[in-house]
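Colleague: Take this structure, written in structure tokens, and hold onto it; I'll ask about it next.
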Amino acid sequence: MVKLVLISAVGIAVCVLLIKLMADWGERYFTRTLHSTLSDTEHIINEGKLPEAWMQPFRERIEAIRRKGGSESKIERVSQKARQRFLRNLDDMIKFFQERNVTDGEETRQLLLASLKEQRDRVAAAAWQDLLEPEASTQDTTETPPQD
């Protein structure tokens, strides 16, 4: 009888521990996802361009294809996957802000949604080079032009 009670107590303790671990993991996942969504949205609104974290993996793939002497069709396939991913991310953000009231007011929410939709339209219409090629302004321009 004592053995049965002890085994039951250990079983209950293990179940409680597993529930606690799952709840902690879920809270961390939710917090990380929410923070990422909000910071990506802030970047899109303030900078007017997609977050670097979205573009970098595709830029690395394209660079690897170029290093290996890959064809333009392979680069085009990667760029189309990038566009699809960017559009899906933007659609998810738009849906997130349409379904949840996480802004300080309706006017702010509408402004945010309009900016996200504008960025989505820009991504849908842009050439892949405009989306994935690093901007000239971010390159090192240490040379000064000659003056007359």
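Please treat every number below as a calculation from the coordinates, not as lab data. The model shown is predicted, which means the values in this text are computed figures rather than measured ones. Methodologically, a virtual Cβ is constructed for each residue, glycine included, from the backbone with ideal geometry; neighbour enumeration extends over all protein chains shown.
Colleague: Check Glu63 against each of (1) of a type outside the set (A, V, I, L, M, F, W, C); (2) part of a loop (DSSP other than H, G, I, E, B); (3) out of contact with any Leu (no Cβ under 9 Å at 6 or more places or on another chain) and name the one condition it does not meet.
Modeller: Every listed condition holds for Glu63 apart from (2).
Colleague: So Gly70 passes all but one of these: (1) in a helix (DSSP H, G or I); (2) small (Gly, Ala, Ser); (3) more than 16 Å from Glu133 (Cα to Cα). Which condition number does it fail?
Modeller: If we test Gly70 against (1) in a helix (DSSP H, G or I); (2) small (Gly, Ala, Ser); (3) more than 16 Å from Glu133 (Cα to Cα), just (1) comes out false.
Colleague: Further question on the same structure: Out of all the residues in region 72-89, which are touching a helix residue (DSSP H, G or I) at 6+ places or on another chain (Cβ under 8 Å) and either exposed (fewer than 10 other Cβ atoms within 10 Å of the Cβ) or more than 16 Å from Ala126 (Cβ to Cβ) (or both)?
Modeller: Hit for region 72-89 is Lys74, nothing else.
Results for (1) in contact (Cβ under 8 Å) with a residue 24 or more places away in the chain; (2) not basic (Lys, Arg), shown as yes or no for each residue.
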{"residue": "Leu34", "(1), (2)": "no, yes"}
{"residue": "Ser39", "(1), (2)": "no, yes"}
{"residue": "Glu42", "(1), (2)": "no, yes"}
{"residue": "Ala53", "(1), (2)": "no, yes"}
{"residue": "Arg59", "(1), (2)": "yes, no"}
{"residue": "Lys68", "(1), (2)": "no, no"}
{"residue": "Ser71", "(1), (2)": "no, yes"}
{"residue": "Lys81", "(1), (2)": "no, no"}
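Colleague: For region 38-51, which positions are under 24 Å from Asp130 (Cβ atoms) and either surrounded by 13 or more Cβ atoms within 10 Å (Cβ to Cβ) or in contact with a Ser or Thr (Cβ under 9 Å, 6 or more places away or on another chain) (or both)?
Modeller: Matches in region 38-51: Asp40, Thr41, His43, Ile44, Ile45, Gly48, Lys49, Leu50, Pro51.
Colleague: With the checklist (1) within 30 Å of Arg122 (Cβ to Cβ); (2) assigned to a helix (DSSP H, G or I) in hand, flag the one item Leu17 doesn't pass.
Modeller: Condition not satisfied by Leu17: (1).
Colleague: Is at least one residue of region 90-98 surrounded by 12 or more Cβ atoms within 10 Å (Cβ to Cβ), of a type outside the set (D, E, K, R) and farther than 19 Å from Asp121 by Cα?
Modeller: No.
Colleague: Among the residues of region 10-27, are any of a type in the set (Phe, Trp, Tyr) and more than 27 Å from Leu113 (Cα to Cα)?
Modeller: yes
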